[in-house]
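In what follows, a single structure is set out as structure tokens and then discussed.
Each value in this text was obtained by applying a stated rule to the coordinates, not by laboratory testing. As the structure is a prediction and not an experimental result, all values here were calculated from the model. Reconstructed Cβ throughout: ideal geometry from the backbone, glycine too, with neighbour counts over all protein chains shown.
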């Protein structure tokens, strides 16, 4: 947006569709793929902004779970922003007929894996605990107090133990649970065969189960 | 752990992911009812899966709000627009012109080379290359021998190409250029239609 004194000039392709919240008006029933096709075809930033609105929480959550509490030196919002930028820059590589959601998550996961590799290489891990996940469970009024505490402890354990999983297993597990992706969608996001996705999921759960049981 | 237990482990994973059908579910339940180890494993996997699901679930408190979009859009605005793809760059006018030029060149090349054979043969009959080279350049004997050899080689090569296949390959190259440019033209027209749609 350009500002001249009190006059604001909005670039036409924004002004046409933008609502005050920065999303596309009347896009509720439009599929992700249709919006992304508009982004690709017309370079429509408003359509892309609508996709960002739909997915920003989930992508940030995905990044935060991938990097977990051991890498809190990294701001998950920055990585999520890079993932969206990557998606925009690589929009011409999006295959017609493909699903947008696993494609976007695949980009985000690859960003995280790259970041984990760099951090592992530089050994700059800052071990600061993140209580966000357990806080929300404590706040839940559905459970009895004792059960809530146990559950909170289990989630906190998961948050800690998942850092011991290799990045590829962690990626499959996070994708499975962060937005309930199917085997096929995970396979598409990670560019893996479905059989490998199943094996990775099994190994990730088995490893977590073993570690959690060892602690008790 | 026997074969039934190994199978049960696989079925437990399918159960956790909601991918188990009714008959397999019954088989799993029957096995778990008689196998305490698998029952414990199933209970353990259920707890892990439930906790992992709760741990991974995105929370409203993680939403950075519209400011996230604003920052992102500013970054996008700052980026240079991407160059159009190769196909999109081919306008239908340019493709049509390319076809026309290729057709003219192919025809002209074919006609010229069809006559070239006769022209070349008449030159070769009138001129003795040995005398011509010696009188023109006054070059030393060693160089003279090399020049004569080169002349003979060139003469043989051009004669064979011209008489056997030269008109054909030039015409074929022209035809190939027409086909390639026709593909460009079709692509350019379909791009134009898609954009107008």
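Three principal axis extents describe the C-alpha atoms of segment A:31-75; from largest down they are 41, 17, 12 Å. Hey, could you get me the Stokes-Einstein D for segment A:154-216, Kirkwood radius over alpha-carbon pairs, 25 °C and 0.890 mPa s, rounded to whole µm² s⁻¹? Stokes-Einstein gives a translational diffusion coefficient of 206 µm²/s. Taking other C-beta atoms within 10 Å as the exposure proxy, A:168, A:198 rank A:168, A:198 from fewest upward.
Taken along the Cα-to-beta-carbon direction at a fixed 7 Å, the label points for residue A:96 and residue A:30 span 1.9 nm.
The slack between residue B:105 and residue B:2, meaning 0.36 nm per residue of separation minus the straight C-alpha distance, is 29.2 nm. This ranking places A:109, B:32 by how few other beta-carbon atoms lie within 10 Å of each, fewest first, which gives B:32, A:109.
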